[in-house]
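Structure, as structure tokens:
The values are calculated or read from the model by the stated rules, or taken from the named source; none is laboratory data. None of these values were measured; they are calculated from a predicted model. Positions of Cβ are backbone-derived with ideal geometry, glycine not excepted, and every protein chain shown enters the neighbour counts. Remember, those area values only see protein heavy atoms, side chains included, never the ligands or the DNA or RNA. Shrake-Rupley method; radii C 1.70, N 1.55, O 1.52, S 1.80 Å.
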Amino acid sequence: MISKSDTQVLKGVAILFMLYLHLFNQPSNVALCKTFISIGGEPVVSVLARCTNPVYFFIILSGYGLYISHKNGRSNNYIRVARLYIHYWIVMVLFVTVGYFIRGSYIYPGSLGKVLENITGWNTSYNGEMWFLFPYMMIAITSKWIFTIINRFKWYHVLAITGILYVITNVVVKFATDYIYSQRVVYMLLQYIVFLFVFCIGAIMAKHDIIKYCKISGWKAIILLLILIITNAYINKGILLPLYVTTFIVLFVKIRCPVWLDNMLGKLGRRSTSIWFVHSYFCYYLFKDFIYGFQYPIAIFTVLLTISYLTAIIIDWLNGFVQKKVTNLLLR
């Protein structure tokens, strides 16, 4: 079983992956850095970025956690989504205000249509790295019915059907990318199908306690995890990403990390939502020159992580304050 503390630690790993990916996954951004080690002419930082796609980590962990909550009779997903959106709006208001003074009113906030698209998460043009907010919301709201299907049918039937839909969707996206990205309804529907398969993996892992069937631990798990990461760096087929992330989670949970490392990752995990919401404003949209001005990848990553974490502390405090006020207002 993946405990709550394990989940926070894994979210900590995922948010580190997210920051690293967004810093070094684009050659144009890597070109701004001073790199010294290359493999086959490609900077190592770029190679490692191929192993750090974080979205499926959060979706699998969400499927796992929401299934446990559903099993225990806690299906308050509408409230969960509402709280997530309030959190998102707080960050948006703060950074769009800053963006107004830095980038101008044409970009922040822009037209009324642009404002409405961003408020709903339908098109997160203010911060493109929040793209999966709306499809995740759709998954969370429909999770009760997803879990009903999972409980009614054999697990391999559920994974087979959702997996086939996942593969078909990936093929469609590959050959009709321009059309799909120009049609938001189609895009959101296809993204929902992709997330559905990944979400079901997490839920089925929870239902059948898949972790207990993995008997590997200690150094064997560490070695296998390293092999998995290296293999993914060179195979790097996006369609296989759910398999990579699932295997990563199972192996990582089996590793007994030092207490200090668990504590550090756990603290990052608890701030992961706010860090997700704010980091791109720093490294892409508002302060890119400052972040990449540190030139060396380790320094760039450390500065972005530090600034994002400190900002997340403030955002989390403000979010807690607002959420409490909203709750008190609704309970009057």
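If you find the alpha carbon centre of region 258-332 and of region 147-192, how far apart are they in angstrom?
31 Å
For region 1-152, what is the Kirkwood hydrodynamic radius in Å, using each pair of distinct C-alpha atoms? Before the final figure, lay out each step's value.
Numbers: mean 1/r = 0.0552 Å⁻¹.
Computed over Cα pairs of region 1-152, the Kirkwood hydrodynamic radius comes out at 18.1 Å.
Please sort by residue number the trypsin sites (Lys or Arg not before Pro) in region 1-74 whose DSSP state is loop and whose Cβ has at most 16 other Cβ atoms within 10 Å. Walk me through the intermediate numbers first.
Values: sites: 4, 11, 34, 50, 71, 74; in loops: 34, 50, 74.
Passing both the DSSP loop test and the Cβ count: 34, 74.
So what is the relative contact order of region 213-267, in percent, for Cα pairs below 8 Å that sit 6 or more residues apart?
On the way: 25 pairs, mean separation 31.0, N = 55.
Value for region 213-267: 56 percent.
What number in nm² do you get for region 66-133 if you take the convex hull of its Cα atoms and divide its surface by four? The partial results should precede the final answer.
Values: hull surface 20.1 nm².
Answer in nm², one decimal: 5.0.
How much net charge surrounds residue 127 when only the other residues with a Cβ under 15 Å from the Cβ of residue 127 are counted, with Lys and Arg +1 and Asp and Glu -1? Spell out each step's value before the answer.
On the way: positive: 103, 114, 288; negative: 117, 129.
In short, +1.
With springs only between Cα atoms under 10 Å, which of 157, 22, 279 fluctuates most in a Gaussian network model of the chain?
157
If ligands, DNA and RNA are left out, what is the accessible area of residue 144 with a 1.4 Å probe, given in Å² to the nearest 10?
Its heavy atoms expose roughly 110 Å² to the probe.
Using a 10 angstrom cutoff on alpha carbons, build the Gaussian network for the chain and name the most mobile of 160, 49, 206.
Residue with maximal mean-square fluctuation among 160, 49, 206: 160.
What relative contact order, as a whole-number percentage, does region 1-108 give when Cα pairs under 8 Å and 6 or more residues apart are counted? Intermediate results must be reported in sequence, preceding the final value.
Numbers: 50 pairs, mean separation 24.2, N = 108.
After rounding, I find 22 percent.
Taking only protein heavy atoms and a 1.4 Å probe, what accessible area per residue, in Å², does the chain have with all protein chains in place?
Numbers: 17370 Å² over 332 residues.
With all protein chains present, the chain gives 52 Å² per residue.
Could you bin all the Cα-Cα distances of region 235-332 into 10 Å bins starting at 0 and give me the percent of pairs in each, rounded to whole numbers?
13, 27, 33, 21, 5, 0
Once you've got the GNM for the chain with C-alpha springs shorter than 10 Å, pick whichever of 38, 308, 217 has the biggest mean-square fluctuation.
38
Sticking with the crude label model, points 7 Å out along Cα→Cβ, report the distance from residue 188 to residue 164 in nm, one decimal please.
Roughly 2.8 nm, to one decimal.
In whole percent, and with a 1.4 Å probe on the protein chains, what portion of the accessible area of the chain is carbon and sulfur?
On the way: 11780 of 17370 Å².
That fraction is 68 percent.
How much solvent-accessible surface does residue 156 expose, in Å² to the nearest 10, with a 1.4 Å probe and all protein chains in place?
Ignoring ligands and nucleic acids, residue 156 comes out at about 110 Å².
How large, in Å, is region 31-72 by the Kirkwood hydrodynamic radius built from its alpha-carbon pairs? All intermediate terms of the calculation are to be shown ahead of the outcome.
Details: mean 1/r = 0.0764 Å⁻¹.
Across region 31-72, the inverse of the average 1/r is 13.1 Å.
Which pairs in the list 254/288; 267/324; 34/254 are over 32 Å apart, alpha-carbon to alpha-carbon?
Numbers: 254/288 38 Å; 267/324 22 Å; 34/254 36 Å.
Table pairs above 32 Å Cα-Cα are 254/288; 34/254.
Could you compute Rg(Cα) / (2.2 N^0.38 Å) for region 139-272, with N its residue count?
Working: Rg = 17.3 Å, N = 134, 2.2 N^0.38 = 14.1 Å.
Dividing the Cα Rg of region 139-272 by 2.2 N^0.38 Å gives 1.23.
Relative contact order for the chain using alpha-carbon pairs under 8 Å, separation at least 6, rounded to a whole percent? Walk me through the numbers before you get to the answer.
On the way: 338 pairs, mean separation 107.7, N = 332.
Across the chain, relative contact order equals 32 percent.
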